[in-house]
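Following: one structure in structure tokens, then a few remarks.
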Amino acid sequence: MVDESDLDKVLRESIEIYNRYRIPEAVVEILGVDRGIMIAKFSGHFCVTCGVIDWIEDYIYILKDLGVDAHIAKVEYFTEDNYVLVKIRIDDIKSVDIQSPS
């Protein structure tokens, strides 16, 4: 079972890490989490139809580095609006100690 307060901390940290190194080419924002499924929106200056999976997998690797067992469940491409919605399945989260930014 995923502890929601731990997950909230990890998701905030994962977004900060991802966006710190990828803006403006790619930006991730979490639109919601419900019953172990997270909806993430990826937007930016990347080509939506070619190579976007690499940007998504980068985020999955960050989650895994932070102790989250996460997997891509579904990707929806919105090419005219230049963004991608991704359903990410969260199976488990290890207890992690995330430092607050100073």
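Values computed for the structure shown
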{"item": "Candidates ILE72, ILE62 - the one that is modelled with pLDDT of 95 or more, of a type in the set (Val, Ile, Thr), touching an Asp or Glu at 6+ places or on another chain (Cβ under 9 Å) and over 15 Å from LEU11 (Cβ atoms)", "result": "ILE72"}
{"item": "Some residue of segment 58-68 being among the charged types (D, E, K, R) and touching a strand residue (DSSP E or B) at 6+ places or on another chain (Cβ under 6 Å)", "result": "no"}
{"item": "Subset tally (residues that are over 18 Å from ILE15 (Cβ atoms) and of a type in the set (A, V, I, L, M, F, W, C)) for segment 27-59", "result": "4"}
{"item": "Elements of type strands (runs of 3 or more DSSP E) in segment 11-102, at least 3 residues being touching a Ser or Thr at 6+ places or on another chain (Cβ under 9 Å), of a type in the set (Phe, Trp, Tyr) and surrounded by 18 or more Cβ atoms within 10 Å (Cβ to Cβ)", "result": "none"}
{"item": "Which numbered condition MET38 fails, given (1) over 13 Å from ASP92 (Cα atoms); (2) at pLDDT 95 or above", "result": "(1)"}
{"item": "The lone exception for ASP69 - which of (1) touching a helix residue (DSSP H, G or I) at 6+ places or on another chain (Cβ under 9 Å); (2) farther than 19 Å from ASP92 by Cα it fails", "result": "(2)"}
{"item": "Residue check for LEU7: modelled with pLDDT under 90 and under 20 Å from LYS94 (Cβ atoms)", "result": "yes"}
{"item": "Residue pairs meeting the criteria (Cβ under 7 Å; at least 6 apart or on separate chains; first touching a residue at least 12 places away in the same chain (Cβ under 8 Å) and of a type outside the set (Phe, Trp, Tyr), in segment 66-81; second surrounded by 12 or more Cβ atoms within 10 Å (Cβ to Cβ) and assigned to a loop (DSSP other than H, G, I, E, B))", "result": "LEU66/VAL96; GLY67/VAL96; THR79/VAL48"}
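The values are calculated or read from the model by the stated rules, or taken from the named source; none is laboratory data. Since we're looking at a predicted model, the values are computed, not measured. Methodologically, a virtual Cβ is constructed for each residue, glycine included, from the backbone with ideal geometry; neighbour enumeration extends over all protein chains shown.
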